[in-house]
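Structure first, commentary second.
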Amino acid sequence: MPTRSGPRPQPFQPPQGELAILAGSANPALAQRIADELRVPLAPSEAHSFSEGNVFVRVLENVRGRDCYVIQGVHQPVNDNFVELLFWIDALRRASAQHVTAVIPYFSYAKGDKKDEPRVSIRARVCADAIEAAGADRVLTMDLHSPQIQGFFHITVDHLYARYVLCDCFLKQGVSDLVVCSPDVGFAKGASAYANYLGVPVVIGNKTRRDHSEEPEVLELIGHVEDRNVIIVDDFTISGGTLVAMAEVLKQRGAKDVYAAVSHGVLSTGAAERIGKSPIKRMFITDTIEPQQSPLPQNIEVVSVARLFAEAIQSIHDRTSVSMLFPDPPTE
């Protein structure tokens, strides 16, 4: 009986390549949670810092032709984490990955988005150029300090919003007579998006900084909060000074309970303790940054955004719409 000659049929591979999730050293716990949500194992890899400070990264399995996502935030130590991100992108590109997406849960250099003083660097633009030069095809991030930074890139940037996860968690608290508060004019649009989602009014604080000391001064409050519960919302907090100062002003203006919801809990040394002793009854932060202090004060609760990142990665991998993950259009 004649036999059929020729190569054996190969198992079907999607045109975008098999999914691969890698964890950088900045976000190992979040990366594991994202992989668990996607029901895929993390691709084995290693990162090592030598005694003189050099960083070494290596992917420990074949990623040729695969759709790769490296999860590496840019937070403290900021420069080490950023350089490691560039090395991961380069390693994947040189290993013949078909598509490389830089998943940056928190992009701290987004604060450097403009030339607002003489002879300063637009740091976010420099970082965007470096990420592209390293070989990234796409960036997936959350709550950039300035959404227009997406325009600094020539590659696609998918911008996720933590407010949906934070609001859904806060709604479970059953707080009535609620008002959303922006700690400054700069986050007014973001606060309005929170207020629209929660269906409540918004008030705005007027804050200024006299220098780079990270110590704010709250000058005024636009709106009425007397006999109302208030939730302060912001994209990140470093020292906690703005949140605490705003909470104190709100209590002085007759607010009942004060809550807070912040996308990125950077929480520098002493910040968690400061918030723990503040008038803030409960503060919600996400796990885009793994807390340096453990345990956190009882009034700080960490909410995971792993599922949202996993759904976004699945949408990118399947070539479907990422914006469909959001229940309403963003207003920023």
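Tabulated values for the structure
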{"read-out": "Residue within segment 58-73 that is closer than 14 Å to Gly135 by Cβ, among the β-branched types (Val, Ile, Thr) and not in a loop (DSSP other than H, G, I, E, B) present", "value": "yes"}
{"read-out": "Strands (runs of 3 or more DSSP E) within segment 242-305 that include 2 or more residues closer than 19 Å to Asp227 by Cα", "value": "258-265, 280-286"}
{"read-out": "Pairs with Cβ under 8 Å, 6+ apart, first in segment 16-40 and farther than 28 Å from Pro77 by Cβ, second of a type in the set (Ser, Thr, Tyr)", "value": "Leu19/Tyr69"}
{"read-out": "Verdict on His75 being of a type outside the set (A, V, I, L, M, F, W, C), in the same structural domain as Gln148 (by TED's automatic domain parsing) and surrounded by fewer than 21 Cβ atoms within 10 Å (Cβ to Cβ)", "value": "no"}
{"read-out": "Per-region count, segment 153-195, residues surrounded by fewer than 18 Cβ atoms within 10 Å (Cβ to Cβ), of a type outside the set (A, V, I, L, M, F, W, C) and closer than 29 Å to Ile131 by Cβ", "value": "4"}
{"read-out": "Qualifying residue in segment 99-120 (condition: in a loop (DSSP other than H, G, I, E, B), in contact (Cβ under 8 Å) with a residue 40 or more places away in the chain and in the same structural domain as Ile313 (by TED's automatic domain parsing))", "value": "yes"}
{"read-out": "Some residue of segment 145-156 being in contact (Cβ under 8 Å) with a residue 24 or more places away in the chain, of a type in the set (Ser, Thr, Tyr) and either in a strand (DSSP E or B) or farther than 20 Å from Ser304 by Cβ (or both)", "value": "yes"}
{"read-out": "Pairs, first in the same structural domain as Leu86 (by TED's automatic domain parsing) and surrounded by 12 or more Cβ atoms within 10 Å (Cβ to Cβ) in segment 53-68, second among the polar types (S, T, N, Q) and in a strand (DSSP E or B), C-beta under 6 Å, six or more apart", "value": "Val55/Ser49; Val59/Ser45"}
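The values are calculated or read from the model by the stated rules, or taken from the named source; none is laboratory data. Only a predicted model underlies this, so the values are computations on that prediction, with no experimental measurement involved. Counting neighbours? That spans all protein chains shown, and the Cβs are built from the backbone with ideal geometry, glycine included.
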